[in-house]
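First the structure, in the form of structure tokens, and then the observations on it.
The values are calculated or read from the model by the stated rules, or taken from the named source; none is laboratory data. Since we're looking at a predicted model, the values are computed, not measured. All Cβ positions, even for glycine, are placed from backbone atoms using ideal geometry, and neighbour counts span all protein chains on display. The area values use the complete protein model at the heavy-atom level, side chains included, leaving out ligands, DNA and RNA. Shrake-Rupley method; radii C 1.70, N 1.55, O 1.52, S 1.80 Å.
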Amino acid sequence: MIRSEDFLLREVAGSQVLVPVGAATRSFAGIVTLNAVGVLLWDALQTQQSEESLVSVLTERYEVSEAQAMADVEKFLQNLKTVGAVK
């Protein structure tokens, strides 16, 4: 999994949001707000990542079980897939 070049992370009114650009603006006319965990995962997605490697990113940074990290990663990736922000 890797993030789409058609979405940019920007700070808007103190919040971190993914903004569609280019071709993504034709299929998604909104923004995606990310919390600190989402920003961490988005940053990791600069390079090709597996779900397991993203789970490792979370468990190394936060005191969270592997099972909870996996559930969070799956939900995060599903949301990004829905809007076309990951490939």
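Going through region 34-87 one residue at a time, which ones are in contact (Cβ under 8 Å) with a residue 60 or more places away in the chain, open to solvent by less than 50 Å² (accessible area, probe 1.4 Å) and either of a type in the set (Gly, Ala, Ser) or not in a helix (DSSP H, G or I) (or both)? Give the steps one after another, and end with the answer.
Of all residues in region 34-87, those in contact (Cβ under 8 Å) with a residue 60 or more places away in the chain come to 77, 80, 83-87.
Cutting the leftovers down to open to solvent by less than 50 Å² (accessible area, probe 1.4 Å) gives us 77, 80, 83-86.
Across region 34-87, the qualifying residues are Gly84, Ala85, Val86.
If you take the residues of region 1-22 that are out of contact with any strand residue (DSSP E or B) (no Cβ under 7 Å at 6 or more places or on another chain) and not in a loop (DSSP other than H, G, I, E, B), which of them is modelled with the highest pLDDT?
Glu11
Taking Gly14 as meeting all but one of (1) within 10 Å of the chain's Cα centre (by Cα); (2) surrounded by fewer than 11 Cβ atoms within 10 Å (Cβ to Cβ); (3) not aliphatic (A, V, I, L, M), write down the number of the exception.
(1)
Taking the stated definitions as given, is Thr25 at pLDDT 95 or above and farther than 16 Å from Met1 by Cα? Steps first, please.
On the way: at pLDDT 95 or above: no; farther than 16 Å from Met1 by Cα: yes.
In short, no.
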